[in-house]
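Here's the structure, in structure tokens; my notes come after.
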Amino acid sequence: MKDLAVISDPKTIKVLMEPTRSQILFKYLVNGSMTVKQLADALGKNPGTILHHIEKLKNAGLVVQERTEQTVTGIVQRYYRATAREYRLGLSELMRSDEGVAKFAENRLKSMIRALQVYGIRVEDDEIDQGVELLRELLDRENEVSGNVPIVDEEAYHKLPEAVKRDASRLIRKFLLEEDTRYKSLRDKWNKFLRSHMER
């Protein structure tokens, strides 16, 4: 299981646009392994429906079968888990896509920037494209650095509790970002852009 996976394939994004699949992945399987029955009970859905969604997620490389266990009645239960603890969108790749996902990625960035007005940062429509480009570059570099964090002691890593793994992952990613000169330069440009749009 990776700490962070960047999703940049438009077909994978389309798989996740189905609400039940995104719930299975982001609400449950990033936090641990579960059976189809457990997921069906948690979501109030038919196990056959859940299995269908699991297969779609497996085919997209987002879920794997972790193990099997036999119950006392002889039924074999399959446990599934996410392939990463956290997923992020690779927005640059999506914006270059021609499969209908490009507009989704661009609109996502625009809505993020427009939402900053609730914090007193108002970007006018004629400057939103500049903000989109700055934010895209910043997020791309963040994903690039964060998605390549090496684990040098796999055995010790697997012994850590899940919450500790998540916390340690966040700490090391933050540290590596602060050490990355390209990221810091992009962050400074983005911060300057935000400061110039703060309401006085």
Restricting attention to the range 158-175, does a residue exist that is more than 28 Å from S111 (Cα to Cα), exposed (fewer than 15 other Cβ atoms within 10 Å of the Cβ) and of a type in the set (K, R)? yes
Taking the range 176-188 and the residues there that are surrounded by 14 or more Cβ atoms within 10 Å (Cβ to Cβ) and not aliphatic (A, V, I, L, M), the one that is farthest from G131 (Cα to Cα) would be D180
Going through the range 35-45 in order, the residues found to be loosely packed, with under 14 Cβ neighbours inside 10 Å and over 18 Å from V76 (Cα atoms) are G44
Within the range 121-144, restricting to residues that are within 21 Å of R96 (Cα to Cα) and of a type in the set (A, V, I, L, M, F, W, C), the one that is surrounded by the fewest Cβ atoms within 10 Å (Cβ to Cβ) is I128
From the option list L116, L89, L109, single residue qualifying as within 18 Å of L62 (Cβ to Cβ) and either of a type in the set (G, A, S) or touching a helix residue (DSSP H, G or I) at 6+ places or on another chain (Cβ under 9 Å) (or both) is L89
Picking from G32, G48, the residue that is assigned to a helix (DSSP H, G or I) and surrounded by fewer than 16 Cβ atoms within 10 Å (Cβ to Cβ) would be G48
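Quick one: would you say E142 is at pLDDT 90 or above, charged (D, E, K, R), under 18 Å from A84 (Cα atoms) and part of a helix (DSSP H, G or I)?
Numbers: at pLDDT 90 or above: yes; charged (D, E, K, R): yes; under 18 Å from A84 (Cα atoms): yes; part of a helix (DSSP H, G or I): yes.
Answer is yes for this residue.
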In the range 189-200, residues that are within 18 Å of Q130 (Cα to Cα) and without any contact (Cβ under 8 Å) to a residue 60 or more places away in the chain total 6
Does the range 62-79 contain any residue that is modelled with pLDDT of 90 or more, part of a loop (DSSP other than H, G, I, E, B) and crowded, with 16+ Cβ neighbours inside 10 Å? yes
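The values are calculated or read from the model by the stated rules, or taken from the named source; none is laboratory data. From a predicted model like this one, the values you see are computed outputs, not experimental measurements. Reconstructed Cβ throughout: ideal geometry from the backbone, glycine too, with neighbour counts over all protein chains shown.
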